2 protein chains.
Amino acid sequence: MSTPNNRRPDLSIDGSRLRRRFEELNEIGATDRGGVNRPALSDANKETRDTLVTWFCDAGLDVRIDEMGNIFARREGTDDRAPVLAGSHVDSQYNGGRYDGVVGVLGALEVVETLDDAGVETYRPVEVVVWTNEEGVRFQPDMLGSGVYTGQFDREYAYDRTDKSGDRFGDELERIGYRGETACVADDPYCYFELHVEQGPYLSERDLSVGVVEGVYGFSWLNARFTGAADHAGPTPMHLRTDALVATADVIQAVRRLTAATGTDLVGTVGSVDVSPNSINVIPEEVELTLDLRSYDNGTVDDAVEQIEREMAWAGEREGADWDLEEIMRVDAMPFDEDCTATVEAAAEAVGAEYMRMVSGAGHDANYLNEICPTSMIFVPSEGGVSHTEDEYTEWEDVVVGTDVLLQAMLAKSEER
Amino acid sequence: MSTPNNRRPDLSIDGSRLRRRFEELNEIGATDRGGVNRPALSDANKETRDTLVTWFCDAGLDVRIDEMGNIFARREGTDDRAPVLAGSHVDSQYNGGRYDGVVGVLGALEVVETLDDAGVETYRPVEVVVWTNEEGVRFQPDMLGSGVYTGQFDREYAYDRTDKSGDRFGDELERIGYRGETACVADDPYCYFELHVEQGPYLSERDLSVGVVEGVYGFSWLNARFTGAADHAGPTPMHLRTDALVATADVIQAVRRLTAATGTDLVGTVGSVDVSPNSINVIPEEVELTLDLRSYDNGTVDDAVEQIEREMAWAGEREGADWDLEEIMRVDAMPFDEDCTATVEAAAEAVGAEYMRMVSGAGHDANYLNEICPTSMIFVPSEGGVSHTEDEYTEWEDVVVGTDVLLQAMLAKSEER
């Protein structure tokens, strides 16, 4: 594949500088087991933000913080045009990993500094962005910062989210000093790139350094409930039982069977089960369960939801239990902008990365950005597919290659008229 | 069957008086939905106790309260011999039923008053007993009062039990004024009878008034755990999952299958399931579950436990999950004293009750009493087998017939030399 003129194959990022920043940032909120604990708007999250803002200012970037605490750091272009935006998030899961989000923010900063070091002027401005509350572990829903920025949620809705202690998102944002002045509305970026760990095993299984992400799985989230009869586990004969948990077991197995039976990319998970009364000697009266069904094909998700509805009915009838199934969230599969994806692929070619085109099973801030501007993502491997835990690990060479791909992709887009 | 000489077929209890007491007692802690909420050592439990003590004293009985709050109310016999003991409990489940326990205590009081009204003198003393903390919903384990009385537990162990608020059993007993002076040790009762609702469906299904209870199921309680790997429900392909909940579903179904496959009286229940992290989009990493396996044949319980161990291993291997199974309690099946049971059966014949011999699936204070003196039980129907809920219901005529059986059984034993 030919390298467009506005790419600079001679440029590459400084992997050592990136590594030093990576290690320094991850001292904040570090856990004994090698992870980080920096949920959104925590003290550790504030400290991470402060460090980043210092680095952005040291790099001569123009920093602005919006009403949602999203941080934008701008390197001007030769023309006052819509900027090339790139970044990710630095909030973490509770006791999460060191790569998730961090790689994308520090990678974008590294790109900017590489341009500075090489004295490269770009036609378009280049901006680094840090999105607030991507993980959604402390405040639900997730991707709240990019969600408000792209018009998915109202700012006031976001401010009113509370964590388990009852603390409001808006109050906590104020408390850590990151309720900024800039209005949180999309200011028409030219395009958006996000470098991120894969959080799945495909790259690691294939020993590849880079995933060129052409889209994100769609999914259905469902709440289900079986209602049977609570009776004493001793004197109640088997033939008179209506055990909500037995019906639930049928559905857990049906989900597993379904993913094998469809011959598609469908994945399905029963992630939570709440039993009532949940006592060793009482037959379960009510079970609430959740289902997560995903595919890159919306029709496959439709079919899976329909089949699960039948399975609920069958399991309910078999056990004599009442049942209820409600879809609480539905997100269509989202192909990223093909031109942006091609730009990432060309960049991967240019840096000689071992790469594959792939689809993301997880959602990212990039999903929302894709609604308002051309977007694509660059994945680097998660060893063993492990993420959201302290064991999350990516070979450093892969982070360097992924950041080089980000550099070339941003350069390419920053020269487009 | 012939009526022994020391029975008085002309005597019968006063169903109206019993009914008045039943209604009055159940005003205490009454719930909107027709049940009662009087967990052990609650204010409502204290009020119930106070009312009973007043009634016992009004009936001229000699009341003593032991260190565990067990209440004994004695009607002297013509000789100072070991007494015929009868009673049950008046603590309830949270929002439990009106019959569970209450019927056995008020039935025994009604027997005493019937003897008084008819001027019957008995050779042996007759005692009414109210056991503390039978239900075990506030303080575990259950049957704590009869357990200490019969030497199953130390008094200090019982005192140190705490409820979910951290309140100690001993302190709460003191608070409600029922930490009595009498030592809580078995004082060699001649025999023990307990009238109780069946809490199962067998009598109600067969339209019988009385169950002559010849023993109690044995059981095994097991804690089990599967440990898999928590991964993101989106990007983790099905072939790389180790889902602790899928393995659990296998075991839930194995328990159900096992009860059908053995061709025995085995009943099996998975009553509680706790999933971690229990999140809609995270593959379950760890599931803790409990199992309850019961039969009147100890070998059948042994076999079931062994089979469940195999099922755990199979489910673990299938899913690649680690597993762990621990028996936390084992109670052998307990045949009641055959002579006592025959006495109850003869009493049922004498009063013309429609009855069957049967086995209890649930444990009762009678289990512990059977360890120290000849014991049997009389069941009256639970409509639809329902118990431990506000819907618990027994036809009043059946309560009357059951109490008449108790009267004749106690009379018979009270004349034995």
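The values are calculated or read from the model by the stated rules, or taken from the named source; none is laboratory data. Computed from a predicted structure; not experimentally measured. We place every Cβ from the backbone using ideal geometry, glycine too, and count neighbours over all the protein chains shown.
Could you please find all residues in region B:282-295 being among the polar types (S, T, N, Q) and within 8 Å of another protein chain (Cβ to nearest Cβ)? Reasoning before the result, please.
Taking region B:282-295 and keeping what is among the polar types (S, T, N, Q), we get B:290, B:295.
Hit for region B:282-295 is B:290, nothing else.
If I ask for residues that are out of contact with any helix residue (DSSP H, G or I) (no Cβ under 7 Å at 6 or more places or on another chain), farther than 26 Å from residue A:329 by Cα and small (Gly, Ala, Ser), which ones from region B:271-302 would you list?
Correct list: B:271, B:272, B:299.
Restricting to region A:73-108, what's the tally of residues that are under 20 Å from residue A:41 (Cβ atoms) and part of a loop (DSSP other than H, G, I, E, B)?
Residues that pass the stated criteria total 10.
Residue A:274 passes all but one of (1) more than 7 Å from chain B (Cβ to nearest Cβ); (2) over 31 Å from the mean Cα position of the chain (by Cα); which number fails?
Every condition holds for residue A:274 apart from (2).
Answer yes or no: is there a residue in region A:174-181 that is away from every other protein chain (no Cβ under 14 Å) and either on the phi > 0 side of the Ramachandran plot or crowded, with 22+ Cβ neighbours inside 10 Å (or both).
Quick first cut of region A:174-181, residues away from every other protein chain (no Cβ under 14 Å) only: A:174-181.
Those still in the list that are either on the phi > 0 side of the Ramachandran plot or crowded, with 22+ Cβ neighbours inside 10 Å (or both) too: A:177-178.
Taking every residue of region A:174-181 in turn, at least one turns out to be away from every other protein chain (no Cβ under 14 Å) and either on the phi > 0 side of the Ramachandran plot or crowded, with 22+ Cβ neighbours inside 10 Å (or both).
Which residue is surrounded by the fewest Cβ atoms within 10 Å (Cβ to Cβ), if the candidates are limited to region B:244-267 and must be at the interface with chain A (Cβ under 10 Å from one of its Cβ atoms) and in a loop (DSSP other than H, G, I, E, B)?
B:265
Which pairs do you get when a residue that is modelled with pLDDT of 95 or more, found in region A:17-37, comes within reach of a residue that is among the aromatic types (Phe, Trp, Tyr), reach meaning Cβ atoms under 8 angstrom, with the pair 6+ apart or on two chains?
That search, which allows pairs on different chains as well, returns A:19/A:396; A:21/A:55; A:37/A:94.
Every residue in region B:351-383 that is of a type in the set (S, T, N, Q) and in a strand (DSSP E or B), please.
B:360, B:375, B:376 - these are the residues of region B:351-383 that are of a type in the set (S, T, N, Q) and in a strand (DSSP E or B).
I'm trying to understand the selection: among the residues of region A:293-337, which are out of contact with any Ser or Thr (no Cβ under 7 Å at 6 or more places or on another chain) and assigned to a strand (DSSP E or B)?
A:294, A:323, A:324, A:325, A:326, A:328, A:329, A:331, A:334, A:335
Out of curiosity, is residue B:279 modelled with pLDDT under 95 and within 11 Å of chain A (Cβ to nearest Cβ)?
Spelling it out, residue B:279 is indeed modelled with pLDDT under 95 and within 11 Å of chain A (Cβ to nearest Cβ).
Can you pull out every residue in region A:37-72 that is assigned to a helix (DSSP H, G or I), within 22 Å of the chain's Cα centre (by Cα) and either surrounded by 22 or more Cβ atoms within 10 Å (Cβ to Cβ) or among the hydrophobic types (A, V, I, L, M, F, W, C) (or both)?
A:44, A:45, A:48, A:49, A:52
Say whether the condition of being facing chain B (nearest Cβ under 7 Å) and more than 23 Å from the chain's Cα centre (by Cα) is met by at least one residue in region A:212-225.
Scanning region A:212-225, I find no residue that is facing chain B (nearest Cβ under 7 Å) and more than 23 Å from the chain's Cα centre (by Cα), so the answer is no.
Hand me the list of helices (runs of 4 or more DSSP H) wholly inside region B:131-178 holding 3 or more residues that are touching a residue at least 40 places away in the same chain (Cβ under 8 Å).
B:144-149, B:169-175
Restricting region B:107-163 to residues that are among the charged types (D, E, K, R) and over 29 Å from residue A:279 (Cβ atoms), which is surrounded by the fewest Cβ atoms within 10 Å (Cβ to Cβ)?
B:121
Of the residues B:383, B:371, which single one is away from every other protein chain (no Cβ under 14 Å), charged (D, E, K, R) and either closer than 23 Å to residue B:134 by Cα or surrounded by fewer than 20 Cβ atoms within 10 Å (Cβ to Cβ) (or both)?
Just one listed residue meets the conditions, B:371.
Against the condition in the same structural domain as residue B:195 (by TED's automatic domain parsing), in contact (Cβ under 8 Å) with a residue 40 or more places away in the chain and in a helix (DSSP H, G or I), how does residue B:393 come out, does it pass? Even if it seems obvious, please write down each step before you answer.
On the way: in the same structural domain as residue B:195 (by TED's automatic domain parsing): yes; in contact (Cβ under 8 Å) with a residue 40 or more places away in the chain: yes; in a helix (DSSP H, G or I): no.
Judged against the criteria, residue B:393 is not a match.
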